[in-house]
Amino acid sequence: MMLDDSKPSIDWDSLTFSFTETDRMYMSTCKKGEEWKSGVMQDYQELRISPAAGVINYGQGLFEGMKARRTEDGRVLLFRPEFNARRSAEGCRRLGMPPVSEEIFLSAVKKVVEENIRWLPPNGKGELYIRPLIFGSGAVLGVSPAPEYTFLIYAVPVGPYFKGGMNPISLKVSDEYHRAAPGGSGGVKAIGNYAPGMMPSQNAKSEGYAEIIYLDAVNHKYVEEVGAANFFCIKDNVIYTPELTGTILPGITRLSIIELGRSMGYEVHEEKIDIDFAMTADEAFCAGTAAVISPIGSIEHGGKITNYSNGGIGKITQELFVALTDIMNGRVEDKFGWTPEL
Ligand SMILES: *Cc1c(COP(=O)(O)O)cnc(C)c1O
C-alpha cells in the first residue's frame, strides 16, 4: 500500500502522554486451542464486541507498551521489541490465552509503525507509543477461558514525559494497599492489575505526591514497584533493584538498566530491598517505557521523609539516563543490538 506521509495537523510541541486517534491498527483473531495466523491492517476504528466477551466480564486480557523513535538522521528505531513479544507470550500462558508468536508479534508492530509513520513525532519532540492488546473477545458465561481471542495493536504519538527537563518526583509508601500477591498475576501486564491501583494513586496525587510505592504483601517491608514502574536505588555507588519474585513486573527498561549499569562498571544487585534501606540510599529513581527514568526526589513513609540528591538528579541516575536514552535515540553506536531499525 501507499504509505501516507502527509503531516497530521497536530502541534508537536503540545504533545503529552495522552490519547490521540491515529490512522491504522492491526487486528487478528484466534480460536481457543488454535494458533494465531497473521492478521490484517485496517483503518483505526471502534470494536464490535459481545457483551459476554471474556475480557469485559472476567478481565481476561493483557497489554504491552513500547515506543518507536525517530533519530536525528531520520532512521526509525524500536527498542528491544522481542522482549515485549516474549513477555506477552508468558502473560498469555498465565491468563489462559493462546500466546502470540514472536514472529507474528514483531511483524505486526512494524506494520503499525509503518502505516502510522506520519504520527511519529520529529526527533526530540516525542515518540510513537505502541500499544499491543491480547484479550478474550469470544462470549463466555462461566468463569473460564473465552472461545476466541483478539490481538490488536494501535499507536499514539506521545510527548516527552517530563516537559522542561526531568523533575524529581515525590513519592509516598503505602502501608494500606498492595499491588500483587505471591502466586497472583503481578508479574504479568494483566489488565486486571491496573484498576485497583487507580484509587490509591489518585489519593496520593491529591496529597501532592506523584505516585505511591508498593511494599510486598507478605512482609509489608520490601519495595516492589512505584505505581506502574520499577524501582531502583543507589547507595555507595552500588545500584539496587528488587529481585523478580513473580509479584513484580519484569520491565524491559529495568532489564536494560541492569545490563547497562554492569557494562558501565557498576555493581548491580537484584535483591529484596527493605524500605528502611531504600530510605538511606543516596539516589533513587523509577524506570519504565513511558518516562524511561524518573528521578525520585523524596519518599515519605510512616511520617518520615527522605530527600535524595538534595532535590536534584543523582549523578549515577543522570549517567544511566543519558547512556540509555542515547542508545534509544540512536545518538551513539548501539553495541548491544537493542534498537532494530524499522
Ligand atoms: C509496564 C510496567 C513496568 C515497566 O515495564 P517496561 O517494560 O520497562 O515498560 C513496570 N511495572 C509495571 C507494573 C508495568 O505495568
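The values are calculated or read from the model by the stated rules, or taken from the named source; none is laboratory data. Given the structure is predicted, the values throughout are model-derived calculations rather than measurements. Here Cβ is always computed from backbone atoms with ideal geometry, including for glycine, and neighbour counts include all displayed protein chains.
A single entry from Ala217, Ala284 fulfils the requirement of being more than 12 Å from the ligand (Cβ to nearest atom) and crowded, with 23+ Cβ neighbours inside 10 Å: Ala284. For the range 314-339, which residues satisfy the criterion of being among the charged types (D, E, K, R), in contact (Cβ under 8 Å) with a residue 40 or more places away in the chain and assigned to a helix (DSSP H, G or I)? Within the range 314-339, Glu319 is the sole residue that qualifies. Within the range 191-211, the presence of at least one residue that is surrounded by 21 or more Cβ atoms within 10 Å (Cβ to Cβ) and part of a strand (DSSP E or B) is confirmed.
For first residues located in the range 244-266 and in the same structural domain as Pro182 (by TED's automatic domain parsing) and under 25 Å from Arg94 (Cβ atoms), partners that are away from the ligand (no atom under 15 Å from the Cβ) and among the hydroxyl-bearing types (Ser, Thr, Tyr) and lie 6+ apart or on another chain with Cβ distances below 9 Å form the pairs Thr245/Tyr222. What is the number of the single condition among (1) more than 15 Å from the ligand (Cβ to nearest atom); (2) assigned to a helix (DSSP H, G or I); (3) crowded, with 16+ Cβ neighbours inside 10 Å; (4) among the charged types (D, E, K, R) that Arg262 does not meet? Single failed check for Arg262: (3). When the range 214-236 is limited to residues that are of a type in the set (Asp, Glu) and out of contact with any Gly (no Cβ under 8 Å at 6 or more places or on another chain), the one that is nearest to Asp175 (Cα to Cα) turns out to be Asp216. Of the residues that make up the range 129-142, is at least one in contact with a Ser or Thr (Cβ under 8 Å, 6 or more places away or on another chain), part of a helix (DSSP H, G or I) and within 15 Å of the ligand (Cβ to nearest atom)? No. Only residues that are touching a residue at least 24 places away in the same chain (Cβ under 8 Å) and farther than 13 Å from Ala180 by Cβ were counted across the range 201-222, and they come to 11. Taking each residue of the range 225-242 that is among the aromatic types (Phe, Trp, Tyr) and looking for partners that are part of a loop (DSSP other than H, G, I, E, B) with beta-carbon atoms closer than 9 Å, six or more apart or interchain, yields Phe231/Ile248; Phe231/Ile273; Tyr240/Ile273; Tyr240/Ala281.
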